[in-house]
Amino acid sequence: MLPVQHIHPILVHFPIVFFLTLAVLDAVSAARGATVTGRGALGSVSSGLALLSGGFAVIAYLFGGMALDVAESTGFHSDIAETHEGLGGITAAAFGAWALIRIFMWWRDYRLGRSGSALLSLVEIAGAGLVVATAYYGGRMVYELGVNVAPVMH
């Protein structure tokens, strides 16, 4: 059976990739004057990416909490972990809320104009920055501190 602390590192890559793809897709599309909301092909793909990133972010956050509990049960504690956990909670909440907003807009077939699409893209670029910051601290936990990682056998 897969140890619970190994599930978070598997899942966490999905919201990163989905949200970065969403931000780039919407920024490029909005810059070209395309409507990134509504039930058209582009709006559906964009909304689907928002839903996937939000769902995976929440699930990854929950498993991240479990992984941190396992690490702390062995005596681990670090300010880096606290920062990562805090950013992870903010990311999960923000991406979950964004997924609900985007799915509501898709369901209602609400289409933003050019300036609305540009604003939407700016929000997503900020979200991309948030997920990169969260990932940075997660990487530090693994590569600098070796959290929940077995030592290499020579």
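The values are calculated or read from the model by the stated rules, or taken from the named source; none is laboratory data. In this text, all values refer to a predicted model and were calculated from it rather than measured experimentally. Backbone-built Cβ (ideal geometry, glycine too); neighbour counts: all protein chains shown. Each accessible area value is taken on the protein alone, full model and side chains, heavy atoms only, with ligands, DNA and RNA left out. Shrake-Rupley method; radii C 1.70, N 1.55, O 1.52, S 1.80 Å.
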**Request:** Go through (1) touching a Pro at 6+ places or on another chain (Cβ under 9 Å); (2) in a loop (DSSP other than H, G, I, E, B); (3) not aliphatic (A, V, I, L, M) and name the single condition THR91 misses.
**Result:** (2)
**Item:** Residues of the range 71-88 that turn out to be open to solvent by 40 Å² or more (accessible area, probe 1.4 Å) and in contact (Cβ under 8 Å) with a residue 60 or more places away in the chain, as a count
**Value:** 1
**Boolean, SER53 is touching a Pro at 6+ places or on another chain (Cβ under 6 Å), among the polar types (S, T, N, Q) and in contact (Cβ under 8 Å) with a residue 40 or more places away in the chain** = yes
**Message:** Tally up the residues in the range 11-34 that are open to solvent by 60 Å² or more (accessible area, probe 1.4 Å) and more than 13 Å from the chain's Cα centre (by Cα), please.
**Reply:** 4
**Fill in**
Expected output for the range 89-117 (first residue within 15 Å of PHE19 (Cβ to Cβ) and without any contact (Cβ under 8 Å) to a residue 24 or more places away in the chain, partner hydroxyl-bearing (Ser, Thr, Tyr) and open to solvent by 40 Å² or more (accessible area, probe 1.4 Å), Cβ below 9 Å, 6+ apart or cross-chain) is ALA93/TYR61
**Request:** Would you mind finding the one in PHE104, PHE14, PHE76 that is within 30 Å of LEU145 (Cα to Cα) and modelled with pLDDT of 95 or more?
**Result:** PHE14
**Item:** Matching residues in the range 98-107 - criterion: being within 16 Å of PRO15 (Cα to Cα) and either open to solvent by less than 50 Å² (accessible area, probe 1.4 Å) or among the charged types (D, E, K, R) (or both)
**Value:** TRP98, ALA99, ARG102
**PHE19 within 29 Å of ALA118 (Cβ to Cβ), of a type outside the set (Asp, Glu) and at pLDDT 95 or above** = yes
**Request:** Would you check which residues across the range 35-58 are open to solvent by 50 Å² or more (accessible area, probe 1.4 Å), modelled with pLDDT of 95 or more and touching a Lys or Arg at 6+ places or on another chain (Cβ under 8 Å) and list them?
**Result:** LEU51
**Asked** Any chance the range 105-126 includes a residue that's under 19 Å from VAL4 (Cβ atoms), under 20 Å from the mean Cα position of the chain (by Cα), not in a loop (DSSP other than H, G, I, E, B) and not acidic (Asp, Glu)?
**Response** no
